[in-house]
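Just so it is clear, none of the values below were taken in a lab; they were calculated from the coordinates. From a predicted model like this one, the values you see are computed outputs, not experimental measurements. Virtual Cβ from ideal backbone geometry, glycine too; neighbours counted across all protein chains shown.
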């Protein structure tokens, strides 16, 4: 059985970043970063397709960036 809760943490340069693998198949990553006056949150997944001689990787997920009182949010999804 694959191990979940694989994490990466970094603190320095005026910000803190934490990422965790929350699902093995399909691979799903969640991350959070914060600094002075801003925060970043994202959940991403890569949908994979094997075409015989090539591999296609399709990014999927939600991302939110807060800078002061401004909030920027985007969703990435592809339908093939």
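If you count, for each residue, the other Cβ atoms within 10 Å and average over each peptide, how do 23-30, 46-53 line up from highest to lowest?
Per-residue mean Cβ counts within 10 Å order the peptides as 23-30, 46-53.
Using only the Cα atoms of the stretch 35-80, what do you get for the radius of gyration and for Dmax, in Å?
Cα-based Rg and Dmax for the stretch 35-80 come out at 15.1, 48 Å.
Per 10 Å bin, what is the whole-percent P(r) computed from every C-alpha pair distance within the stretch 6-76?
19, 39, 29, 11, 2
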